[in-house]
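Below is one structure; the comments refer to it alone.
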Amino acid sequence: MRTIDVHDMGVTLRQVAEVADELRLLAAEVDDGRVPASRGYAAVRNAGLLRLLLPQSAGGSGLSYLDYTRVLEELALGDASAALGYNMHNVAIGGLCESAERDLPPSAAAFRRWVFDEVAHRDRMFASATSEVGGGAKLTAVKATYRRTADGFVLNGRKSFVSLAGIADYYITTARREDSDAADEVSHFVVAKDDAGVSFDGLWDGAALAGTATSAMTLSNVHLGTDRLFLGIEGMSLFKLVREPHWMVSGYMGAYLGVAESILRHVTTFVTADAKRRDSAVVRAEVGRMAVDLAATRALVHAAARLVDERKGSVEANSAVHAAKYRVGESTTTLAQAAVRICGSTALRRSNPLERLLREASFCSVMPAKPDECLEYVGKARLGFNMFDSTTVEW
């Protein structure tokens, strides 16, 4: 099994690029259902990518948030769907990895050790199961419930848009206490795919991103031990998200940078091969505009990721990731529209990889946080609202 050398990001990206090459060969067949999405994730597991965020002391690579963002972009150059699905694994464990140097109460420390061990030594994949019909990924809208028992908890509910459905080994699942409607009573639990009462159905039939293997998940009287409560603490979910929203917001940025870069590369190749278009000043200006737009967006995304590394949880860092998430969505859409103008009907042929990229580009705006939510966050922060008040941030 290949390993990632955290001391040389160039080596890391080259190894990720090898996986991206494998994913690229599968992307079209996964997109139209001829090949199961699990094939791509097998390549991700075999390359050791599930361990990138784990601290070196726990058997991982300890990548910074900025370097992880670069990894996502590189992986998305092969297949955006697989990059987004892989991101769900890291969304689930990212906060734990960032706490690696922090002393925790005994039960929380034991939980963290268990998660690290599952990933580092058993190649277990995690995913997030938060979204529900009508409320999306907002914790304040969670309807799934849990109740305490003598030896643990019982969960009931239905989740929508669960990526890596049936592929991941564990799902970090949100639920609120059965006898409470208070937002601060939302808790996270670890549900295994083979736990009794867990089922997946209705594979999502969206216009793109089939490789995320997204479907609904039903929890029917799922019995969990106390060790499956995330960090052993009830009611902390919204509290943590309000203070450190970067995993829910900006984890998508790197993947969509990869989509945008792929679009620009396809356009560049197409124009280079067509002397008439290449000699057109209008076309050259359009390509130049695309390159400048992407460069500016990448700079904003990388600056936001760097701020997370340097000042995680600050209003400045949290505002930056919302601004960057908004910008990458706008930029990817703009580049997709320009690609159609430049390449014409060729861009819309199903046999052209660019056509899939155009479909994928439109989904950035529906990933949390949505464009209006990003702008409102930045606006409130700018106007002096208390961004650590859960009633200020609509999650």
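Just a few scattered comments:
- Averaging the Cα positions of each part gives two centres, and for the stretch 321-336 and the stretch 146-223 these lie 30 Å apart.
- Residue separation of R14 and R350 scaled by 0.36 nm, minus their Cα-Cα distance, works out to 118.0 nm of gained length.
- Of the accessible area of the stretch 1-116, computed with a 1.4 Å probe over protein heavy atoms only, carbon and sulfur atoms account for 49 percent.
- FRET E, pair F388, R39, Förster distance 51 Å, beta-carbon r, rounded to 0.05: 0.75
- Relative contact order computed over the chain (Cα-Cα under 8 Å; 6+ residues apart), in percent: 16 percent
- At R0 = 41 Å, FRET efficiency that the Cβ-Cβ distance of L25 and S220 yields, to 0.05: 0.60
- With all projection directions averaged, the alpha carbon convex hull of the chain covers 19.3 nm².
- Other-chain or far-sequence residues with amide H under 5 Å of A144's (modelled H): R158, R176
- Order by protection proxy (mean Cβ within 10 Å, highest first), peptides 222-233, 327-338: 327-338, 222-233
- Computed on the Cα trace of the stretch 239-383, the radius of gyration divided by the Kirkwood hydrodynamic radius gives Rg/Rh = 1.06.
- Applying 0.36 nm per residue to the separation of A303 and R102 and subtracting their alpha-carbon distance, the gain on full extension is 69.9 nm.
- Evaluated over the Cα positions of the stretch 300-395, the convex hull gives a direction-averaged projected area, one quarter of its surface, of 7.1 nm².
- Share of Cα-Cα pairs in the stretch 1-114 lying beyond 23 Å, as whole percent: 31 percent
- A DSSP coil position with no more than 11 other Cβ atoms inside 10 Å describes none of the chymotrypsin sites (Phe, Trp or Tyr not before Pro) in the stretch 244-319.
- Helical contribution to [θ] at 222 nm, DSSP H n ≥ 4, -39,500 (n - 2.57), averaged over the chain, rounded to 500: -16500 deg cm²/dmol
- Rounded to the nearest whole Hz, the Karplus-based 3J(HN,Hα) values (6.51 cos²θ - 1.76 cosθ + 1.60, θ = phi - 60°) of the stretch 306-318 follow the sequence 5, 5, 4, 5, 8, 9, 3, x, 7, 4, 4, 5, 5, with x at glycine and proline.
- Extending 7 Å from Cα along the Cβ direction at K312 and again at R341 yields two label points whose distance is 4.1 nm.
- The loop-placed GluC sites (Glu not before Pro) in the stretch 88-188, going by DSSP, that have at most 15 neighbouring Cβ atoms within 10 Å of their Cβ come out as E101, E178.
- Think of the stretch 129-232 as having a plus end and a minus end, set by charges on the Cβ of Lys, Arg, Asp and Glu; of V154, L209, F189, L209 sits farthest toward the positive end of this dipole.
- Once both labels are positioned 7 Å from their Cα atoms along Cα-to-Cβ, the gap between D194 and S57 label points is 3.2 nm.
- For the stretch 244-395, the relative contact order comes to 32 percent (Cα pairs under 8 Å, sequence separation of at least 6).
- Tail weight of P(r) past 15 Å, computed on alpha-carbon pairs of the stretch 329-385, percent: 57 percent
- Stretchable slack from T149 to A109, in nm (0.36 nm times residue separation minus alpha-carbon distance): 12.1 nm
- Applying a DSSP loop filter and a limit of 10 other Cβ atoms within 10 Å to the trypsin sites (Lys or Arg not before Pro) in the stretch 32-78 leaves R34.
- Cα centroid separation - the stretch 241-272 against the stretch 33-78, whole Å: 16 Å
- In the distance distribution for the stretch 129-232, Cα-Cα pairs more than 25 Å apart total 15 percent.
The values are calculated or read from the model by the stated rules, or taken from the named source; none is laboratory data. Remember, it's a predicted structure, so these values are computed and weren't measured experimentally. Methodologically, a virtual Cβ is constructed for each residue, glycine included, from the backbone with ideal geometry; neighbour enumeration extends over all protein chains shown. For the accessible areas, the whole protein counts, side chains as well, though only heavy atoms, and no ligand, DNA or RNA atoms are used. Shrake-Rupley method; radii C 1.70, N 1.55, O 1.52, S 1.80 Å.
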